[in-house]
Amino acid sequence: VSGSVVLVGAGPGDPDLLTLAAVRALQDADVILHDDLVSDAVLAFARNEARKFLVGKRGGRPSASQREIEALMVGLARQGKKVARLKGGDPMLFGRADEEIAACRAAGVPVTVIPGITAMSAAAAAIGRSLTGRGTARKVEIVTGHDRTGALPDEAGPELTTRVVYMPKGSAGEHAALLLSEGWAPETPVAFVVAASRPEQRVVAGALVDAAILAQACGDEPALLLVGALAKELSLDATTVRSGTDG
Ligand SMILES: C[S@@+](CC[C@H](N)C(=O)[O-])C[C@H]1O[C@@H](n2cnc3c(N)ncnc32)[C@H](O)[C@@H]1O
């Protein structure tokens, strides 16, 4: 396969909130598959010759099914095209990214992700208030307003939650103990993502019960702790420490 797919975060709408990497990917793409929420001002960064397909819903027209989007994306990459899959906000929040990444991998198509500014960050900026005001909020909850049928989903338990912990290293053991006491399973996957997006980026992954040991393997760089199903079976590099086995 000579083509490739890049999932590109288009940000909340203002083209000034695109990343440099997103602009470069748009200028490089042969084909752009975009959602309805992606603004025309963002699409204007694409080359004139690039083909653009709207694959989201708009104006009551029937939208392409997720399967059709994946088939189109993979098919174009297999023809040697550089495909930019442009999604509103950040592709990794409520954007069906896992399905699209899996489809590419299954077809042997190289796939990468460029994060974007999520709507939440733009909303906080719009109201001029921190989402984690000192003394008012130490947790931010991101949930979906509706399920596949349009109904309000049930409150998610631990098995349907991704927990993201900022500044996790000093208290990882206590944090894990708290979650275990709240009913999280000891074998719940966890991953410290160290120096994300930087050259020294790495992942230290294992089980919730071993969080304190894993934290020690993170070194001095900044790290985020991810807890939940997404931390399972990560494609781990050589620097990765797996808890409980290789010490
Ligand atoms: C399918 S979700 C995708 C979220 C996106 N991946 C992100 O990170 O922002 C679409 C929802 O995001 C919210 N959204 C997207 N852009 C927005 C904006 N500019 N202002 C407010 N809400 C926005 C709306 O609630 C919209 O229904």
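Among (1) within 14 Å of the ligand (Cβ to nearest atom); (2) out of contact with any strand residue (DSSP E or B) (no Cβ under 8 Å at 6 or more places or on another chain), there is one condition Ala97 misses while meeting the rest; what is its number?
(2)
Which condition does Leu131 not pass, out of (1) aliphatic (A, V, I, L, M); (2) in a helix (DSSP H, G or I); (3) away from the ligand (no atom under 12 Å from the Cβ), if it passes all the others?
It fails just one condition, (2).
Each row is one residue, and each column tells you yes or no for (1) modelled with pLDDT under 95; (2) open to solvent by less than 40 Å² (accessible area, probe 1.4 Å).
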residue	(1), (2)
His146	yes, no
Thr149	yes, no
Glu155	yes, no
Val164	no, no
Pro186	no, no
Val194	no, yes
Ala215	no, yes
Leu226	no, yes
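Quick one: which residue in Ala50, Ala44, Ala71, Ala77 is open to solvent by 70 Å² or more (accessible area, probe 1.4 Å), more than 23 Å from Ile142 (Cα to Cα), more than 16 Å from the ligand (Cβ to nearest atom) and aliphatic (A, V, I, L, M)?
Testing whether each residue is open to solvent by 70 Å² or more (accessible area, probe 1.4 Å), more than 23 Å from Ile142 (Cα to Cα), more than 16 Å from the ligand (Cβ to nearest atom) and aliphatic (A, V, I, L, M) leaves just Ala44.
Just the residues that are more than 15 Å from the ligand (Cβ to nearest atom) and surrounded by fewer than 23 Cβ atoms within 10 Å (Cβ to Cβ), please, taken from the range 27-41.
Within the range 27-41, Gln27, Asp28, Asp30, Val31 meet the criteria.
Can we say Arg148 is at positive phi and within 13 Å of the ligand (Cβ to nearest atom)?
Here the answer is no, as Arg148 does not meet what is asked.
Could you list, in sequence order, the residues of the range 71-104 that are farther than 21 Å from Leu20 by Cα, at pLDDT 95 or above and of a type in the set (Lys, Arg)?
Across the range 71-104, the qualifying residues are Arg78, Lys81.
Within the range 1-115, considering only helices (runs of 4 or more DSSP H) that don't extend past its boundaries, which have at least 3 residues that are under 28 Å from Gly145 (Cα atoms) and within 20 Å of the chain's Cα centre (by Cα)?
Here the list reads 66-78, 97-106.
Of all residues being open to solvent by less than 60 Å² (accessible area, probe 1.4 Å) and of a type outside the set (A, V, I, L, M) in the range 100-123, which is farthest from the ligand (Cβ to nearest atom)? Just the residue, please.
In this case the residue turns out to be Gly108.
In this structure, is Leu17 under 21 Å from Thr118 (Cβ atoms) and within 16 Å of the ligand (Cβ to nearest atom)?
Here the answer is yes, as Leu17 does meet what is asked.
The values are calculated or read from the model by the stated rules, or taken from the named source; none is laboratory data. Everything quoted here is computed from the prediction, not taken from an experiment. Glycine gets a Cβ as well: all are built from the backbone with ideal geometry, and neighbour counts include every protein chain shown. In case anyone asks, the SASA skips ligands and DNA or RNA and just uses the protein heavy atoms, side chains included. Shrake-Rupley method; radii C 1.70, N 1.55, O 1.52, S 1.80 Å.
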